[in-house]
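**Student:** Sending over a structure as structure tokens; questions will come in a sec.
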Amino acid sequence: MRVALRFVRIVLLGFAVTSSVYAQSAAADVDARISKVIDSISESRMEQMLRTLAGFGTRNTMSDPTSPTRGVGAARQWIFDELRRTNPKLQVSFDTYQIPKGRSDRITRDVELRNVVAILPGRSPRRIYVSGHYDTVNLGNQGQAGLNTTGGGERNQNDNADAPGANDDGSGTVLVMELARVFAESGIDFDATLVFTAVAGEEQGLVGAREEARRVKAANVPVQAIFNNDIVGGSVGGDGTVDGATIRLYSEGPEDSPSRSLAMFVRRTAARYVPSHRVRLMARRDRFGRGGDHTAWNLEGFAAVGFRESRENYSKQHNANDTIDGVSFAYLAQNARVNAAAMAVLALAPPPPTVNNERGQPMLDRRPSGYDAHLRWNASNGAAGYRVFWREAWAPDWEHETYVGNVTEYMLPHANVDDWVFGVAAVDAGGHESTVSAYVAAPPNY
Ligand SMILES: [Zn+2]
């Protein structure tokens, strides 16, 4: 009898502790204002915009820019005007570059390249970007992206040929434009400055994104994250496989790199806000033998990740068949919601804690017993508490977590630092959680 009573008391005590911790940390995990932003994403507006974009016939960067109804000039002007019409809070501009002939083998003459940029100013200068490329290409019967076409077929040399690019990358472009609208209309006072960018020259070798990333780097703009979306509207693969419930997310390594950390953050945030859609993390730069604009940002040292639909149809890419019937707007909207959740949380969350000392070494030791994990970190501005994460050293994503309150050190007894990877995130009073800073040594220079 006494034993049973003691057992009950322990269980009750355990329950009380668990539920109070739960109340502290989990009650605010979902911010109703962010849910409202996500809910206001409109499939029909994205469809309308994509019909207009595909209606320019081609948006090839090398196409004739002088027509008011067809080609790259008409398309970029429409994107600019549409963003400007959307909301007066958006600061819309062309980001213009003169690209000399021969920059890549698809830059066949000197060309003026214009990205379209819409900025929603926040309280701080730190920036979060979402991008898609509005340019298109028709490579004729060599076009099928993803297939090895070496030696087969004739390459189309006509830059004015039909290249509707509904999915590649009209889908990413209208996703960016719709996010510009819902964030500008949200009325939320974001800490981060949000940048919505529709980029050109991707099909010539990431030219527009490389120029933009270089310019931003040279101006010392603090960019926290880039979410690139390229081919995110198709839910039926070329092999007939249907998948409208997942999205792939590519990120450059090594493990625990800023881009990998950002990718894990996206999956975690999406699971909270868009539980019906699953983010499939891909531990590689991009698809096999293919590239995208997030890599242009990686090359300048920024954390950047690339969203790609789960099942591609290669026969409807880089040719005249990339038409609007290959896009599912219900699927595209889900992908937009995943982006919106990640951007909104990141824009409201405190900065991630720094876990390295002045010499760049992780502040992790084995105290007090010599067999414990003792973590220290520097406080983040605006943090109300911290969450500690850990995983086995072979695991790709965090396996365990615990909310530790407003402290700057924490000890996990008998957790051997040789066997586990540890990390910590900052959480504000509203439950907005930062990316996780991992305690990892810098990779050696071989
Ligand atoms: Zn593309």
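**Student:** Mind listing just one residue for me: the one in the range 155-187 that is within 14 Å of the ligand (Cβ to nearest atom) and not in a helix (DSSP H, G or I) and, of those, surrounded by the most Cβ atoms within 10 Å (Cβ to Cβ)?
**Tutor:** Looking at the filtered set, the residue picked out is GLY165.
**Student:** Under 6 Å between Cβ atoms, at least 6 apart or on separate chains: pull out the pairs that start in the range 231-246 with a residue that is over 26 Å from ASP135 (Cβ atoms) and end on any residue that is β-branched (Val, Ile, Thr) and more than 16 Å from the ligand (Cβ to nearest atom).
**Tutor:** Short answer, once both residue conditions are applied: VAL242/VAL236.
**Student:** OK, next. Give the residues of the range 188-206 that are among the aliphatic types (A, V, I, L, M) and either outside any loop (DSSP other than H, G, I, E, B) or within 16 Å of the ligand (Cβ to nearest atom) (or both), sorted by residue number.
**Tutor:** LEU194, VAL195, ALA198, VAL199, ALA200, LEU206
**Student:** Within the range 136-146, which residues are within 15 Å of the ligand (Cβ to nearest atom), modelled with pLDDT under 95 and not small (Gly, Ala, Ser)?
**Tutor:** Scanning the range 136-146 gives LEU139, GLN144.
**Student:** Please give the strands (runs of 3 or more DSSP E) falling wholly within the range 327-435 in which 3 or more residues are among the charged types (D, E, K, R).
**Tutor:** By residue number, 385-392.
**Student:** Quick one: ARG70 ticks every box in (1) out of contact with any Lys or Arg (no Cβ under 9 Å at 6 or more places or on another chain); (2) part of a loop (DSSP other than H, G, I, E, B); (3) modelled with pLDDT of 95 or more; (4) surrounded by fewer than 16 Cβ atoms within 10 Å (Cβ to Cβ) except a single one, so which number is it?
**Tutor:** (4)
**Student:** For the range 28-38, what are the residues that are assigned to a helix (DSSP H, G or I), surrounded by 13 or more Cβ atoms within 10 Å (Cβ to Cβ) and not basic (Lys, Arg)?
**Tutor:** Across the range 28-38, the qualifying residues are ILE34, SER35, VAL37, ILE38.
**Student:** Just the residues that are basic (Lys, Arg), touching a residue at least 12 places away in the same chain (Cβ under 8 Å), away from the ligand (no atom under 16 Å from the Cβ) and part of a loop (DSSP other than H, G, I, E, B), please, taken from the range 97-135.
**Tutor:** Listed by number, the residues that qualify are ARG103, ARG109, ARG123, ARG126.
**Student:** Still on this structure: Quick check: anything in the range 350-363 at positive phi, surrounded by fewer than 19 Cβ atoms within 10 Å (Cβ to Cβ) and at pLDDT 95 or above?
**Tutor:** no
**Student:** Another question, if that's okay. Of the residues ALA296, ALA304, ALA283, ALA347, which single one is more than 16 Å from the ligand (Cβ to nearest atom), in contact (Cβ under 8 Å) with a residue 12 or more places away in the chain and crowded, with 22+ Cβ neighbours inside 10 Å?
**Tutor:** So the residue among ALA296, ALA304, ALA283, ALA347 that is more than 16 Å from the ligand (Cβ to nearest atom), in contact (Cβ under 8 Å) with a residue 12 or more places away in the chain and crowded, with 22+ Cβ neighbours inside 10 Å is ALA347.
**Student:** Name, by its number, the condition in (1) out of contact with any Lys or Arg (no Cβ under 7 Å at 6 or more places or on another chain); (2) modelled with pLDDT of 95 or more that does not hold for GLY430.
**Tutor:** With (1) out of contact with any Lys or Arg (no Cβ under 7 Å at 6 or more places or on another chain); (2) modelled with pLDDT of 95 or more applied to GLY430, the lone miss is (2).
Table: residues versus (1) surrounded by fewer than 23 Cβ atoms within 10 Å (Cβ to Cβ); (2) in a strand (DSSP E or B); (3) not acidic (Asp, Glu).
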| residue | (1), (2), (3) |
| --- | --- |
| GLY208 | no, no, yes |
| ARG215 | yes, no, yes |
| PHE227 | no, yes, yes |
| GLY238 | yes, no, yes |
| ILE247 | no, yes, yes |
| GLY291 | yes, no, yes |
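**Student:** Only one residue in VAL427, VAL417, VAL440, VAL404 is in contact (Cβ under 8 Å) with a residue 60 or more places away in the chain and either within 17 Å of ARG260 (Cβ to Cβ) or over 25 Å from the mean Cα position of the chain (by Cα) (or both). Which one?
**Tutor:** Only one candidate passes the filter, namely VAL440.
**Student:** Which residue out of TYR331, TYR314 is in contact with a Gly (Cβ under 7 Å, 6 or more places away or on another chain), crowded, with 22+ Cβ neighbours inside 10 Å and not acidic (Asp, Glu)?
**Tutor:** TYR331
The values are calculated or read from the model by the stated rules, or taken from the named source; none is laboratory data. Note that the coordinates shown come from a computational prediction; the quantities given were computed from them, not determined experimentally. Glycine gets a Cβ as well: all are built from the backbone with ideal geometry, and neighbour counts include every protein chain shown.
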